[in-house]
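Computed from the coordinates by the stated procedures, all read-outs in this text should not be read as laboratory data. Fair warning: this is a prediction, and the values are worked out from it, not measured in the lab. No Cβ is skipped: glycine too gets one built from the backbone with ideal geometry, and neighbour counts run over all protein chains shown.
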Amino acid sequence: MKKRIAILGSTGSIGTQTLAVVREHAALFEIEVLTAGSNAELLIAQAKEFSPKAVVITDERKYELVKASLKSLEIAVYGGQEALSEVVQREHVDVVLTALVGFVGLKPTMSAIKAGKDVALANKETLVVAGELIMDLAKKHDVKILPVDSEHSAIFQCLVGESNNPIEKIYLTASGGPFRGKDIAYLSTITKKEALKHPNWIMGQKITIDSASLMNKGLEVIEAKWLFNLQVEQIDVVVHPQSIVHSLVQFEDGSLKAQMGLPDMKLPIQYALSYPERLPSNFERFDFLQYPNLSFERPDMDTFANLALAFASIKKGGNMPCILNAANEVAVAAFLNDQIGFVEMSVVIGETLEKIPFIDSPTLDDYLAIDEAGRVCAKELVTKKKKIYQIEK
Ligand code: NAD
Ligand code: MG
């Protein structure tokens with residue numbers, strides 16, 4: 001029987017690559033649900049090609065367009081954010097691939113888990129915000145959380161067959177982004193266009209900025225802690241500009257296992273969908289002779305303060321990673337809107353972390369309130385910085 005997939009965020013970078021995998025393996029996978037934020041045209045085209053049973057367009061202004069365009073097909077069409085949490089519960093969904101960007105992924109992911117659906121998780125922000133809650137819920141409902149993020153997929157693959165062997169340490173690799181080796185003075189001059197050019201990966205805008213600021217790696221440290229039940233001290237970040245070694249696990253005997261390959265998100269996406277099997281693919285193969293030098297270096301956390309902020313927030317725990325995430329979402333949006341500079345993003349995040357009161361063990365309602373408070377606080381800071389930024393510009 002085919003595995004029936006719901007893709008949250010099917011029109012994005014991960015969503016479209018997931019559909020490419022499904023297209024290649026049409027005998028194994030079928031699409032039950034597709035959802036988009038506001039890209040109605042692409043959602044309609046995807047629905048026509050993959051014939052899902054239901055689609056959601058969360059931007060309600062586009063609902064009528066989607067509904068009218070699909071009316072001759074047997075596809076249920078829904079509008080609005082709340083519909084995401086409904087469609088994931090559908091009886092015939094086997095796995096929910098979460099490719100939404102940001103905090104909005106939290107509620108539908110929880111809803112999927114409660115309905116007993118396995119989750120192929122790309123939306124790392126959900127684990128950053130409420131990792132403990134999500135992992136506890138997954139345990140309670142006996143569902144799998146299958147990592148899609150390439151580093152976490154690498155670790156997951158290295159752990160196959162090692163269930164009785166404790167992890168001593170993991171190394172998350174980072175490309176270092178387009179500004180590796182640069183100093184603060186340089187960073188304070190860079191433009192959004194430069195920041196949106198990633199050397200090795202083509203991704204959505206938010207994660208591309210997060211990769212340039214190293215916040216992405218910080219979010220991944222937190223994601224790894226929860227996925228693999230680790231202490232923060234067991235997680236190290238190493239910069240590896242070629243993005244060939246996707247991450248490593250070190251065991252108690254000192255042995256290191258790495259997962260390697262050319263950077264292509266379709267591989268971790270496919271593995272999350274086919275796990276525990278591997279499927280044949282025509283993805284480009286790695287050629288050692290093209291890469292005579294794989295190099296590794298220490299991340300510069302003084303210059304790229306976001307990574308240090310992420311480590312500090314998960315060390316403190318409680319609501320800190322939720323605040324970090326909210327402030328980062330606001331800061332990235334402000335940077336993309338030319339309201340603040342690249343370096344100010346870290347300033348906004350750092351100040352927001354200081355301003356919101358600490359809570360040790362937040363509930364879901366706490367997280368919703370903290371996210372809101374973090375956003376309000378970060379937006380106020382953006383407004384203040386914006387004036388200075390515009391004068392300097
Ligand atoms: P993207 O911006 O390309 O796509 C996001 C998708 O979510 C789109 O379909 C969009 O319509 C939808 N969406 C956005 N905001 C929404 C909202 N408020 N409500 C409902 N839907 C909304 O993002 P992406 O690069 O595909 O990243 C998705 C997630 O996967 C992120 O959490 C990212 O960190 C993670 N991730 C991405 C990559 C990558 O290569 N792109 C790699 C690893 C992890
Ligand atoms: Mg990653």
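Table for the structure above
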read-out	value
Neighbour-count order for Leu100, Leu34, fewest beta carbons within 10 angstrom listed first	Leu100, Leu34
Relative contact order computed over segment 34-171 (Cα-Cα under 8 Å; 6+ residues apart), in percent	16 percent
Label-point separation, Leu256 to Leu159 (7 Å along Cα→Cβ), nm	2.0 nm
Dipole moment magnitude, nearest 20 debye, the chain about Cα centre, only Lys, Arg, Asp, Glu C-beta charged	800 debye
Under 20 Å from the Cα of Lys62 - lysines, other chains or at least 8 residues apart	Lys48, Lys53, Lys71
Estimated dipole of segment 292-393 in Debye, rounded to 20 [Cβ of Lys and Arg +1, of Asp and Glu -1, Cα centre]	280 debye
Sequence of Met1, Met320 once ranked by neighbouring C-beta atoms within 10 Å, starting from the fewest	Met1, Met320
Residue order, fewest to most beta carbons within 10 Å, for Met345, Met301	Met301, Met345
Kirkwood estimate for segment 73-170, i.e. one over the average of 1/r between Cα atoms, Å	14.5 Å
Size descriptor, Kirkwood hydrodynamic radius, that averages inverse alpha-carbon separations across segment 1-157, Å	15.4 Å
Added length on full extension, which subtracts the Cα-Cα distance from 0.36 nm per residue, Val376 to Asp183	66.5 nm
Value of relative contact order over the chain, rounded to a whole percent, pairs C-alpha under 8 Å and six or more apart	14 percent
Distance from segment 339-383 to segment 1-30 (C-alpha centre basis), Å	35 Å
Evaluated at q = 0.07, 0.09, 0.13, 0.14 Å⁻¹: base-10 log I(q)/I(0), Debye formula over Cα of the chain	-0.31, -0.52, -1.13, -1.31
Calculated [θ] (222 nm, deg cm²/dmol) that DSSP helices of n ≥ 4 give over the chain, each run adding -39,500 (n - 2.57)	-14000 deg cm²/dmol
Kirkwood Rh (inverse of mean 1/r, distinct Cα pairs), segment 294-392, angstrom	14.0 Å
Unsatisfied cross-links (Cα-Cα over 31 Å) in the set Lys225/Lys386; Lys117/Lys355; Lys217/Lys384; Lys266/Lys384; Lys144/Lys379	Lys225/Lys386; Lys117/Lys355; Lys266/Lys384; Lys144/Lys379
Selected from Met215, Phe228, His198, residue furthest toward positive end of dipole (segment 165-307; charges at beta carbon)	His198
